[in-house]
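The next block holds one structure in the form of structure tokens; read it before the comments.
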Amino acid sequence: MVETLMKKQPDLDITYVEALCVKVAGLCHDLGHGPFSHTFDAMFIPKALKDDEVYKKDEKKFKHEHLSELVFDKIYEDKKEDFLKYGLGKHERKAVKELINPPNRGKEKSWKGKKANKANGIDVDNWDYYLRDCNALGLTSTFQLWRLMCNAKVLRTGKTEGTEHICFAKKTKDNIMEMFETRNLLHKKACQHRVCKAVELMIVDALLEDKETKERLRNAVIKAVEDENMDEYLQLTDSVLHDLKDSETRNRIYCRELYGFKEEFTEGQKDSKDTDKCIHHVCDVMKLKSDCS
């Protein structure tokens, strides 16, 4: 994307080093994920650290975006000479971190802050998982990424004077609709599928039930955030589930004795104009702990 903009719009004055910063940020923006990715970030951490004062003080520091910054800092320190060789000094280091985790997400005036676009969801972060997951799951998508990228242009638009946006040619309208259809397909078939949600809940329960594992994971996260000591955190992998000594919940996952799907309901609608719906899967209360019912 950045190379396309450099060629099509030389007036943007995008330098080689700026383009390199964007590429490095793209490669590193998800390095802060813990075991089982968003399940760890959005479900395990809030439950495991809910009584910790340091967590309640600033929950954003425990999101994978901030942890990705910390991982990048460690990589930079370990390979500083290599980064400097390519012109990535102190200023560029800060720029990469702000691309990974923008300080005022959603309020950037420059297109350069749009690695993850909260305004409409059209961004390289989403494109990455659309293509990757469709390929991994054997799903067919008609979304043509390269067509969209080749028809991109930076324009000053919006109510705020000087605000820059990456815009797309009108002829790509159908392709953009196909992009959102691909997203919907992935969420129906995988991300929000009832079986997937049941397994996520059971993984979290299994990790929380084992006191030794829960404490080890908790300490690794606390050290990473508070002391910026990433050593233990970087050793965490999905194998943490397999390494549980004697977990009935873990064994049930392996035997596919999953929490039962009971019903689905809608919540979170602010008013009749709000089209965003949060679909939650309610699992069998007889098979869940009381705090999950």
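Listed residues Glu267, Glu226, Glu209; which is at pLDDT 95 or above and among the acidic types (Asp, Glu)?
When all the criteria are applied, what remains is Glu209.
Would a scan of the stretch 129-143 turn up a residue that is small (Gly, Ala, Ser), at pLDDT below 90 and surrounded by fewer than 12 Cβ atoms within 10 Å (Cβ to Cβ)?
Checked the stretch 129-143: no residue is small (Gly, Ala, Ser), at pLDDT below 90 and surrounded by fewer than 12 Cβ atoms within 10 Å (Cβ to Cβ).
Checking Glu228 against (1) open to solvent by 60 Å² or more (accessible area, probe 1.4 Å); (2) over 18 Å from Pro35 (Cβ atoms); (3) in a helix (DSSP H, G or I), which test does it fail?
Status for Glu228: all satisfied but (3).
List pairs: first in the stretch 3-32 and among the hydroxyl-bearing types (Ser, Thr, Tyr), second at pLDDT 95 or above and open to solvent by 30 Å² or more (accessible area, probe 1.4 Å), Cβ under 8 Å, 6+ apart or cross-chain?
Sorted first by the residue in the stretch 3-32, then by its partner, the pairs are Tyr16/Gly87.
The conditions are (1) modelled with pLDDT of 90 or more; (2) in a strand (DSSP E or B), and Ile166 fails exactly one of them. Which is it?
(1)
I'm trying to understand the selection: among the residues of the stretch 231-252, which are polar (S, T, N, Q) and within 12 Å of Pro35 (Cβ to Cβ)?
Result: Gln235, Thr237, Ser239.
Would you check if Lys223 is closer than 23 Å to Glu59 by Cα, open to solvent by 50 Å² or more (accessible area, probe 1.4 Å), touching a helix residue (DSSP H, G or I) at 6+ places or on another chain (Cβ under 9 Å) and in a helix (DSSP H, G or I)?
yes
Within the stretch 5-44, track down each residue that is open to solvent by 60 Å² or more (accessible area, probe 1.4 Å), closer than 20 Å to Ile75 by Cβ and part of a helix (DSSP H, G or I).
Glu18, Lys23, Leu27
At least 3 residues that are modelled with pLDDT of 80 or more, over 17 Å from Val2 (Cα atoms) and open to solvent by less than 40 Å² (accessible area, probe 1.4 Å) in each: list the helices (runs of 4 or more DSSP H) lying fully within the stretch 57-121 that qualify.
Helices (runs of 4 or more DSSP H) meeting the threshold: 64-78.
Give the residues of the stretch 160-195 that are among the hydrophobic types (A, V, I, L, M, F, W, C) and in contact with a strand residue (DSSP E or B) (Cβ under 9 Å, 6 or more places away or on another chain), sorted by residue number.
Of everything in the stretch 160-195, those that are among the hydrophobic types (A, V, I, L, M, F, W, C) and in contact with a strand residue (DSSP E or B) (Cβ under 9 Å, 6 or more places away or on another chain) turn out to be Ile166, Cys167, Phe168, Ala169, Ile176, Val195.
The values are calculated or read from the model by the stated rules, or taken from the named source; none is laboratory data. Quick caveat, the model's predicted, so the values are computed rather than measured. Neighbour counts run over all protein chains shown; Cβ positions are idealised from the backbone, glycine included. For the accessible areas, the whole protein counts, side chains as well, though only heavy atoms, and no ligand, DNA or RNA atoms are used. Shrake-Rupley method; radii C 1.70, N 1.55, O 1.52, S 1.80 Å.
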